[in-house]
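Q: Shown below is the structure under consideration.
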Amino acid sequence: MAILQVENIIKNFGTTQVLKGISFSMEEGTALSLIGSSGSGKTTLLRCLNFLERADEGKIIVKGETLFDAKVKENSSEEELRRKRLHFGMVFQQFNLFPQYTALQNVMLAPTLAAKAAGTYDAKAIEEHAKELLVSMGLENRMNNYPHQLSGGQQQRVAIARAMALKPDILCFDEPTSALDPELTGEVLKVIRGLAEHHTTMIIVTHEMSFARDVSDHVIFMDDGRIAEQGTPEEVFEHPKEERTRQFLASYTREGE
Amino acid sequence: MLLTVTLSLLNGFGMTLKLFALTLLFSLPLGLVMSLGSMSKVKVIRWPIVFLIWVMRGTPLLLQLLVIYYGPGMMLHNNIWGAGDGGRFTAALVAFVINYACYFSEIYRGGIQSIPVGQYEAGQVLGMTRGQIFLRVILLQVIKRIVPPMSNEIINLVKDTSLARVIAVYEVIWAGQAFIKSDGILWPLFYTGVFYLVFCGLLTALFGRLEKALDYFR
Ligand SMILES: Nc1ncnc2c1ncn2[C@@H]1O[C@H](COP(=O)(O)OP(=O)(O)OP(=O)(O)O)[C@@H](O)[C@H]1O
Ligand SMILES: [Mg+2]
């Protein structure tokens, strides 16, 4: 059974329709890349999945549980909404680390608050898990640094560890390297590649085409709020069926990507 | 003579300090409430507060003191402030609290609005409650940003307390001025400046330390 099913998501901002009926599904342990030109709605789609925006129509189903159905009037409490959110983790383009906390504290904050609320607080276990995550991000020497003392690449790796600390079912990345200097993108792509090798379920919005081709099991090309084409990386990148896809990909090769 | 003058000025400065401290005590929280109101989506809450802030920041405090002290008596034919020194002090305090709450409110608003929305969103996707996001993530960042403008405003307040003299609140400058009439000497008036300088110096040092303590993050 698919870990995530998205059915006919429609999102309007005022009178402009930004998502025009998005449906797809993905399997557990796979990586899905979302590509498409600027303004095609990739960020908006991720934000709908994370309940940062409320879709106007459609359904979001995770592991068979309907987390969101636009037809059902929103009656879930704040508590319930928070629980639903935790199926997804989110890594932002701008990192959004909390500046007043060290790398380790950034990773520990949410699990600590959640465990205290649930009455299962175990400081040592939380700290150990957080440290493990940071080590796996190659940050064993940076745990006690504050965000401003870290490079962009390091900050983004802390942000990935933070998103993973609550063990989400699906980890979402919104252009995780576009705010980075070119020489720093490699280290972040490397850890995401590592996550893919460990079969972390991921949705990655990216403009790094060769990375998307290498790392993902499935690729969705979005154009003007719709899915214009999808398939394996091989299908989408080597044998695109749609003219729009070809044009889009050509614009990348022209830039000498 | 120096001792007599010093004691007398200290007495006046006590009143200055009392007005200063009580103004802060009430205007700091009131300003926070007003700043939340001035950002409210509800027009009937936002609009009157924005209007009040505009009036209080757009007119001299001196004038506000006079209006608040004499206004009710003129309009209602009844001095609501009570007789004597106590009444005058209360009126002065009310004027200062409202005036400074308006200034503080704008500082709080600037501080809160300067926090990037990404900080809230990061907290949300981590399943934090609104209260947790405000207390654990936003608040300290806001405090860090408002300490410099707050310290300016608070040091202004020290000096502004001298305006209370216009409705005959006996503060330190009045105490200094009194020696001109009684003893024909001018220097006690100038001497009052020393009291302001020392106190503002202390406050500056205090805020400097606070800024430094928050220097560990950006
Ligand atoms: N809060 C909003 N209010 C109004 N319009 C919005 C809002 N957010 C996004 N949009 C519009 O929705 C469209 C899709 O935006 P979105 O950010 O999802 O695109 P994107 O595919 O992520 O683009 P990019 O590659 O530039 O990040 C754009 O036309 C954008 O202007
Ligand atoms: Mg985007």
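Q: Relative contact order, percent, of the stretch A:77-215 when contacts are C-alpha pairs under 8 Å separated by at least 6 residues?
A: 32
Q: Let me ask something additional. Please work out the C-alpha center-to-center distance from the stretch A:1-80 to the stretch B:187-202 and express it in whole Å.
A: Between the Cα centres of the stretch A:1-80 and the stretch B:187-202 lies a distance of 65 Å.
Q: From the Cα gyration tensor of the stretch B:106-214, with a ≥ b ≥ c the square roots of its eigenvalues, which class applies: rounded if a/c is under 1.5, or else prolate if a/b is larger than b/c, or else oblate?
A: Prolate, because a/c is 1.5 or more and a/b exceeds b/c.
Q: Moving on. How large is the convex hull of the C-alpha atoms of the protein assembly as shown per residue, in Å³?
A: Cα-based convex hull of the protein assembly as shown, divided per residue, equals 213 Å³.
Q: Step through the table entries A:LYS42/A:LYS167; A:LYS11/A:LYS42; A:LYS84/A:LYS167; A:LYS71/A:LYS167, compare each Cα-Cα distance with 18 Å, and write down the pairs that go over it.
A: Violating the 18 Å limit, Cα to Cα: A:LYS42/A:LYS167; A:LYS71/A:LYS167.
Q: For B:LYS159, list the lysines whose Cα falls under 29 Å from its own Cα; do not include residues on the same chain fewer than 8 positions away.
A: B:LYS18, B:LYS144, B:LYS181, B:LYS212
Q: If you take every DSSP beta bridge whose two residues both sit in chain A, what share of them, in percent to the nearest 5, is antiparallel?
A: Looking only at bridges with both residues in chain A, the antiparallel portion is about 55 percent.
Q: Next question. Apply the Karplus parameterisation 6.51 cos²θ - 1.76 cosθ + 1.60, with θ equal to phi minus 60°, to every residue of the stretch B:70-76 and state each ³J(HN,Hα) to the nearest whole Hz, in sequence, with x for glycine and proline.
A: 8, x, x, x, 5, 7, 9
Q: Next question. For chain A, what is the relative contact order in percent, using Cα pairs closer than 8 Å and at least 6 residues apart in sequence?
A: Relative contact order of chain A: 26 percent.
Q: Choose one answer from A:GLY14, A:GLY153, A:GLY138: the residue with the largest mean-square fluctuation in a GNM of chain A with alpha-carbon springs under 10 Å.
A: A:GLY14
Q: Pick out which of B:GLY58, B:GLY111, B:GLY176 has the largest mean-square fluctuation in a Gaussian network model of chain B, springs linking Cα atoms closer than 10 Å.
A: Of B:GLY58, B:GLY111, B:GLY176, the Gaussian network model singles out B:GLY58 as fluctuating most.
Q: Ok, one more. Enter the angle in degrees (range 0 to 90, nearest 10) between the Cα long axis of helix B:84-113 and the first principal axis of the Cα atoms of chain B, meaning the one along which they spread out most.
A: 30
Q: Continuing with this model, one more query. Ratio of Rg to Rh for chain A, alpha carbon only, Kirkwood?
A: 0.97
Q: Of all DSSP beta bridges located in the protein assembly as shown, what percent are antiparallel, nearest 5?
A: That works out to approximately 55 percent antiparallel.
Q: So how exposed is B:TRP81, as accessible area in Å² (1.4 Å probe, rounded to 10)?
A: Accessible area of B:TRP81: about 40 Å².
Q: Still on this model: Take the Cα atoms of chain B, find their three principal axes, and give me the spread along each one in whole Å, biggest first.
A: 72, 47, 23
Q: Explain nothing, just the number: relative contact order of chain B, from Cα pairs under 8 Å at least 6 residues apart, as a whole percent.
A: Contact order relative to length: 29 percent.
Q: For chain B, with a Gaussian network of springs between Cα atoms less than 10 Å apart, report the residue from B:MET34, B:MET74, B:MET150 with the top mean-square fluctuation.
A: Highest fluctuation among the options: B:MET74.
Q: Next up: Could you give the semi-axes, largest first, of the ellipsoid that matches the stretch A:108-246, computed as the square roots of 5 times the alpha carbon gyration tensor eigenvalues and rounded to whole Å?
A: 33, 18, 12
Q: Moving to a separate point now. Under the rule of at least 5 residues apart or a separate chain, name every residue whose amide H is placed under 5 Å from the amide H of A:ILE203.
A: Counting only residues 5 or more places away or on other chains, the set is A:LEU32, A:LEU171, A:CYS172, A:PHE173.
The values are calculated or read from the model by the stated rules, or taken from the named source; none is laboratory data. What you see is a predicted model; the values in this text were computed from it and never measured. Accessible surface is based on the protein model in full, side chains and every heavy atom, while ligands, DNA and RNA are left aside. Shrake-Rupley method; radii C 1.70, N 1.55, O 1.52, S 1.80 Å.
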